[in-house]
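First comes the structure, then the notes that go with it.
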Amino acid sequence: MQTIVFCRFSYPAEGGFQVEHDSIADRQAFLYAPDRMEQRFALFEHLCLPGLKAQTDPDFDFVVLVGTCLPAPYLSRLKALMADMPQGRIIARDPAPHRQICQSVLNAARKHINQPCLQVRHDDDDALSVDFIARLRKAATDCAALVLSNKLVGFDWNRGYTICRSDLHPFEITETVNPYLGVAQALAVQGGVRQSLMNFAHSRINRFMPTVTFTDAPMYLRSHHGSNDSRQKPKVDHPDFHAPTVEHIETLNRRFALTADAVESAFAPAASTAPHAAG
């Protein structure tokens, strides 16, 4: 089946954020603030892309949704980072309601709407293991009877790591086992079905379809930083972070194609040089 990895890169949707803004212009100003964009580019380059570029099964489409209002210098940087990734394509759309625009872009990315496909949600500041696409395809094959008898089937890998910057160490890390976190999550979508992975809150897909959860291996890295949308509100859990061990470093390299230096760079972006823009 065609496999589509869908990523929003600072797309100014109407809705879709836990933090509300009074207008699209206010949302653009928030998203495109120079310091925030420098952080997002560092995370995208050093954390998100390496594992995708190193997939053991490279047969997937990586669709990155941006706003047509994304300032030209940022769009040029994004294109440069993805230039050596044949699976990648950047789709620019005007601001629109979140679920409708994501569904539209995902359906447009399907090569044959009447054929089944696999859809993966992926944030620009997280990482997937290098065998994620291969394991997703195997899961869909192993669960063929379930997939064939349902319009939608969810696949969720609940084991991974959360990482953050540190003033004492190159970075800090903690193991995370959390179902329906929204990282390393996918849907098998039957042919002709126009609902997409992005039509459902990631934490509640099991209310709307059968789901299968795997917990045997670390499949994701989730970044923890000041501009996480989920951290902009009170009562957010704070994981028990600690310095990485040698085993952690080896796992990052083997499972995510990352070095300790790359992770440190992801959380220590250079000073902002791009102009502020509100769209």
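The values are calculated or read from the model by the stated rules, or taken from the named source; none is laboratory data. The model shown is predicted, which means the values in this text are computed figures rather than measured ones. Here the Cβ positions follow ideal geometry from the backbone for every residue, glycine too, while neighbour counts run over all protein chains shown. Areas reflect the complete protein model, heavy atoms only, side chains present, ligands, DNA and RNA absent. Shrake-Rupley method; radii C 1.70, N 1.55, O 1.52, S 1.80 Å.
Calculate how many DSSP beta bridges within the chain are antiparallel, expressed in % of all such bridges and rounded to the nearest 5.
Values: 20 of 45 bridges.
Counting DSSP beta bridges with both partners in the chain, the antiparallel share is about 45 percent.
For the range 42-184, what is the Kirkwood hydrodynamic radius in Å, using each pair of distinct C-alpha atoms? Provide the component values of the computation, followed by the final result.
On the way: mean 1/r = 0.0581 Å⁻¹.
Computed over the range 42-184, the radius equals 17.2 Å.
Quote the Stokes-Einstein diffusion coefficient, in whole µm² s⁻¹, for the range 71-147, based on the Kirkwood radius over alpha carbon pairs, a temperature of 10 °C and a viscosity of 1.306 mPa s. Numbers along the way, then the final one.
Numbers: Rh = 15.4 Å.
Using the Kirkwood radius from Cα pairs, D works out to 103 µm²/s.
When the accessible area of the chain is split by element with a 1.4 Å probe, what percent falls to carbon and sulfur? The partial results should precede the final answer.
Working: 6160 of 12310 Å².
C and S fraction of accessible area: 50 percent.
For the range 1-120, just run the numbers: alpha carbon Rg, then divide by 2.2 N^0.38 Å, N being how many residues it has. Intermediate values should be presented prior to the final figure.
Working: Rg = 14.8 Å, N = 120, 2.2 N^0.38 = 13.6 Å.
So the range 1-120 has a normalised radius of gyration of 1.09.
Please work out how much length the chain gains when fully extended from Ile91 to Ala108, using 0.36 nm per residue of separation minus the C-alpha to C-alpha distance, in nm with one decimal. Write out the running numbers ahead of the final one.
Values: separation 17, 0.36 × 17 = 6.12 nm, distance 1.03 nm.
Value of the extension gain: 5.1 nm.
Using a Gaussian network for the chain with springs between C-alpha atoms less than 10 Å apart, which of these wobbles most: Pro34, Pro239, Pro218?
For the chain, modelled as a Gaussian network with Cα springs under 10 Å, the answer is Pro239.
In straight Cα distance, which aspartates and glutamates are under 19 Å from Lys111, not counting same-chain residues fewer than 8 positions off?
Correct list for Lys111: Asp57, Asp59, Asp61.
Among 166-177, 120-131, how do they line up by average Cβ neighbours within 10 Å per residue, starting with the highest? Mind dumping the intermediate values first?
Numbers: 166-177: 15.2, 120-131: 23.5.
Packing order, densest peptide first, comes out as 120-131, 166-177.
Would you calculate the separation in nanometres between label points at Asp84 and Asp261, each defined as 7 Å from the Cα along the Cα-to-beta-carbon direction?
1.4 nm
Using the beta-carbon distance between Asp57 and Met209 and R0 = 30 Å, what value does 1/(1 + (r/R0)^6) give for FRET efficiency, to the nearest 0.05? Numbers along the way, then the final one.
On the way: r = 24 Å, r/R0 = 0.80.
With R0 = 30 Å, the Cβ-Cβ based efficiency is 0.80.
Please give the solvent-accessible surface of Ser265 in Å², to the nearest 10, using a probe radius of 1.4 Å with every protein chain present.
50 Å²
If I require 18 Å or longer along the helix axis, counting alpha carbons, and a Kyte-Doolittle average no lower than 0.0, what helices from the chain are left? Use full DSSP H segments.
On the way: long enough: none.
Correct list, ordered by number: empty.
Note down the magnitude of the dipole of the range 118-252 about its Cα centre, charges +1 on Lys and Arg C-beta and -1 on Asp and Glu C-beta and zero elsewhere, to the nearest 20 debye. Can you show the working numbers first?
On the way: 14 positive and 16 negative charges, 170 e Å.
It comes to approximately 820 debye.
If I model a spin label at His242 and Asp26 as a point 7 Å from the Cα along the Cα→Cβ vector, what separation in nanometres do I get?
4.3 nm
Regarding the range 139-184, what's the average projected area of the Cα-atom convex hull, expressed in nm²?
Working: hull surface 17.1 nm².
Computing the convex hull of the Cα atoms and averaging its projections yields 4.3 nm².
Could you derive backbone 3J(HN,Hα) for the range 189-200 from the dihedral phi with the Karplus parameters 6.51, -1.76 and 1.60 (θ = phi - 60°), listing whole Hz in sequence and x where the residue is Gly or Pro?
Those phi angles translate into 10, 5, x, x, 7, 9, 5, 10, 4, 7, 7, 10 Hz.
How many Å² of accessible area per residue for the chain, probe 1.4 Å?
Working: 12310 Å² over 279 residues.
Heavy-atom SASA per residue in the chain reads 44 Å².
Expressed as a fraction of 2.2 N^0.38 Å, the rule-of-thumb size for a compact globular protein of N residues, what is the C-alpha radius of gyration of the chain? Please list the in-between numbers first.
On the way: Rg = 18.0 Å, N = 279, 2.2 N^0.38 = 18.7 Å.
Here the Cα radius of gyration is 0.96 times the empirical estimate.
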